[in-house]
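The values are calculated or read from the model by the stated rules, or taken from the named source; none is laboratory data. Just so it is clear, the structure is predicted and the values come from calculations on it, not from any experiment. Cβ atoms come from the backbone with ideal geometry, glycine included; neighbour counts cover every protein chain shown. Please note that ligands, DNA and RNA were not included when accessible areas were found on the heavy atoms of the full protein model with its side chains. Shrake-Rupley method; radii C 1.70, N 1.55, O 1.52, S 1.80 Å.
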Amino acid sequence: MTSTRAWAAAGAVTGGTAIAVSQLAASVLSVRESPLVAVAEVATRATPGIVATEAVELLAGLAKPLLVVGVVLAVGALFAVAGALWPQRRALSVGLVATVAAVGLGAVVLRNGTGATETLPIGLGAATWLLAMTAFTVVARRQGDATPAIPAPSATPAPGRRGFLATLGVVGLVGVCSGVTARWVEGGKSAVQDMRRLLRIPGVTQRSAPRRARIDVPGVTPWQTPNDDFYRVHTAIAVPAIDPATWKLRIHGMVEREVVLTYDEVISRGLVEAWVTLGCVSNEVGGPLLGNAWWSGVPTRDLLALAGPAAGADAVLQTSEDGWTCSTPLDALTDERGGMLAVAMNGEPLPLEHGFPARTVVPGLYGYTSACKWVVDWEVTRFADVEAYWTQRDWAERAPMRLSSRIDVPLAGEELLVGPVTVAGVAWLPGTGVADVQVSLDGGAWTSGRLAAPVTRNTWVQWAADLEVGPGPHTVRVRAVSDDGEVQTGVRRDPLPDGATGWHEVEFTAVEEAPL
Ligand SMILES: Nc1nc2c(c(=O)[nH]1)N[C@H]1C(S)=C(S)[C@@H](COP(=O)(O)O)O[C@H]1N2
Ligand SMILES: [Mo]
């Protein structure tokens, strides 16, 4: 084995391992597309249109796999060259690998944007390569020291064969193990995805926003939030992929009898369905962490009744499969408001990110105290005895959602024509309902806008107000009035510990001429 060949082999094997490690990181962190596939897809996009179309038509379904194979071969060759260069031209070698990493990074960022989830796998891959090549160097040097017949330092050092091969074996093994684990993680996830796609839950219906719920002002937030646009908040780095066939909900603690329910047992109880607006306590005034969906599930009160909560209990500590917890007032899960163990969202089984196969939805409470995704355990207990994930971190134990409202149009900084201007947005107090929305232009008197139908007391409402504006800068504010007559406070408070308060305001400018 010539030493340059040995180093090229080391480079290629290490490259494979580096890619396998980054694939593993990517699937654990659940990036939708792996770095390799992302590079292949960017390559497709960069190919001149006609060539790409031809290739796709010619090769049909083969085009994408072939492209991936091509990328693998090209990257493998680059790693081999980098390996061959490593002992003598270290900077060039590292530069080559850095270029490969940068291309991968560029491709992933183009697809998915920047974030730890996107960039970390590639960083880990690059680190793996450097680390393993350093190991080869140490082995080669040690063998070299032991062999006095080593050539002059200007020549490529002949790595000691056995140690070098052993290192190659170890690095290769790490690569194979990472690759196999990555496949396994992906396989599990896509098996659950496939199961979810094929799942037909009896009693789940599809519903679109009632006509009367829509105010029809361009730019206002859609009344019904599509699943893909629904905000997501969770502490889990890898979204749990739970097979409904193995999922169970255990109800225990201060109960007359402990019960364990399977997925089939839950859904065979018969589903109820409702529009409910969910919101996050971390939402700033005017923020986006809110969504409204058509949920299907089983009433939490019915499930709890199966276990029979004992006197003195006032809370349910909910735990998710990934170990997150929230403590929910027992009365909120058993009163008339319609809390449910939801299994479907907008007519589809819950998306994995939103808690598949089951999550809690409780109208009127912020998500962190109630909306446990991937829920597997309900411990009936007392607030005095437990703390949950966020209450351990200084957020309030009880957190009913606050009366709030948001301006969606005009956008901040927008330039409009003088004359009539329509301001519009959404307002909410799930659990109670919104009766009126008022706006104030430039600090003037509050005037009522018009409301679309609120549909239910648990949903947000679209509103609009028609104003006359003169030239120059303007500020418009909004406040809501609840069905109970509460007027939304203008006192500005941060989300911590129990939700932000204050009026949302938007500044815009009115001009005489149409802006260019
Ligand atoms: N398992 C689990 N469930 C969770 C959370 C979490 O971190 N882990 N976050 C909660 C918070 S803070 C909110 S606001 C809602 C968000 O639900 P969504 O992601 O479906 O919009 O989920 C709640 N349920
Ligand atoms: Mo939240």
(request) Just name the residue that is farthest from residue 191 (Cα to Cα) out of those in the range 356-373 that are out of contact with any helix residue (DSSP H, G or I) (no Cβ under 9 Å at 6 or more places or on another chain) and in a loop (DSSP other than H, G, I, E, B). (result) 366
(message) Which residue is nearest to ligand 1 (Cβ to nearest atom), if the candidates are limited to the range 327-371 and must be within 22 Å of the chain's Cα centre (by Cα) and of a type in the set (Gly, Ala, Ser)?
(response) 367
(message) part of a loop (DSSP other than H, G, I, E, B) and buried (at least 19 other Cβ atoms within 10 Å of the Cβ): which single residue out of 490, 499 fits that description?
(response) 499
(message) Going by what's in this entry, would residue 260 be described as free of Cβ contacts under 8 Å to residues at least 24 places away in the same chain, of a type in the set (A, V, I, L, M, F, W, C), within 25 Å of residue 325 (Cα to Cα) and surrounded by fewer than 17 Cβ atoms within 10 Å (Cβ to Cβ)?
(response) yes
(message) What's the number of the only condition in (1) within 28 Å of residue 214 (Cα to Cα); (2) assigned to a strand (DSSP E or B); (3) among the β-branched types (Val, Ile, Thr) that residue 380 fails to meet?
(response) (1)
(request) List the number of the failed condition for residue 324; all other conditions in (1) within 16 Å of ligand 1 (Cβ to nearest atom); (2) open to solvent by less than 30 Å² (accessible area, probe 1.4 Å) hold. (result) (2)
(request) Working carefully through the options 244, 240, 222, find the one that is more than 12 Å from ligand 1 (Cβ to nearest atom), closer than 27 Å to residue 399 by Cβ and part of a loop (DSSP other than H, G, I, E, B). (result) 222
(request) For the range 442-457, enumerate the residues that are touching a strand residue (DSSP E or B) at 6+ places or on another chain (Cβ under 9 Å), open to solvent by 20 Å² or more (accessible area, probe 1.4 Å) and over 17 Å from residue 488 (Cβ atoms). (result) 442, 450, 453, 455, 456
(message) If residue 379 satisfies all but one of (1) open to solvent by less than 10 Å² (accessible area, probe 1.4 Å); (2) over 25 Å from the mean Cα position of the chain (by Cα); (3) over 16 Å from residue 481 (Cβ atoms), what's the number of the condition it fails?
(response) (1)
(request) Check off (1) in contact with a strand residue (DSSP E or B) (Cβ under 8 Å, 6 or more places away or on another chain); (2) closer than 28 Å to residue 227 by Cβ for residue 383 and give me the number that stays unchecked. (result) (2)
(message) Can you pull out every residue in the range 276-303 that is among the hydroxyl-bearing types (Ser, Thr, Tyr), within 16 Å of ligand 2 (Cβ to nearest atom) and either assigned to a strand (DSSP E or B) or within 30 Å of residue 265 (Cα to Cα) (or both)?
(response) 277
(message) So, in the range 328-377, how many residues would count as being among the hydroxyl-bearing types (Ser, Thr, Tyr) and either in contact with a His (Cβ under 9 Å, 6 or more places away or on another chain) or more than 16 Å from ligand 2 (Cβ to nearest atom) (or both)?
(response) 1
(request) Taking the options 171, 176, 217, 180, name whichever one is open to solvent by less than 30 Å² (accessible area, probe 1.4 Å), more than 23 Å from residue 319 (Cβ to Cβ) and assigned by TED's automatic domain parsing to the domain that holds residue 127. (result) 171
(message) Any residue in the range 225-243 that is open to solvent by 60 Å² or more (accessible area, probe 1.4 Å) sitting within a Cβ distance under 6 Å of a residue that is within 16 Å of ligand 2 (Cβ to nearest atom)? List the pairs, counting only those 6 or more apart or interchain.
(response) 232/353; 233/280
(request) Name the residue, out of 415, 397, that is among the acidic types (Asp, Glu) and touching a helix residue (DSSP H, G or I) at 6+ places or on another chain (Cβ under 6 Å). (result) 397
(request) Among the residues of the range 200-209, write down those that are open to solvent by 30 Å² or more (accessible area, probe 1.4 Å) and touching a Phe, Trp or Tyr at 6+ places or on another chain (Cβ under 9 Å). (result) 205, 206, 207, 208
(request) State whether the residues of the range 63-79 include one that is under 27 Å from residue 181 (Cα atoms), open to solvent by less than 60 Å² (accessible area, probe 1.4 Å), in a loop (DSSP other than H, G, I, E, B) and at pLDDT below 70. (result) no
(message) Go through the range 372-390 and report how many residues are more than 21 Å from residue 192 (Cβ to Cβ) and within 12 Å of ligand 1 (Cβ to nearest atom).
(response) 3
(request) Scan the range 288-306 for residues that are open to solvent by 10 Å² or more (accessible area, probe 1.4 Å) and under 22 Å from the mean Cα position of the chain (by Cα) and jot them down. (result) 288, 289, 290, 294
(message) residue 92 - would you say it is at pLDDT 85 or above, of a type outside the set (Ser, Thr, Tyr) and surrounded by fewer than 14 Cβ atoms within 10 Å (Cβ to Cβ)?
(response) yes
(request) Name the one entry in 416, 411 that is surrounded by fewer than 21 Cβ atoms within 10 Å (Cβ to Cβ), outside the structural domain of residue 317 (by TED's automatic domain parsing), touching a Gly at 6+ places or on another chain (Cβ under 8 Å) and more than 19 Å from residue 330 (Cβ to Cβ). (result) 411
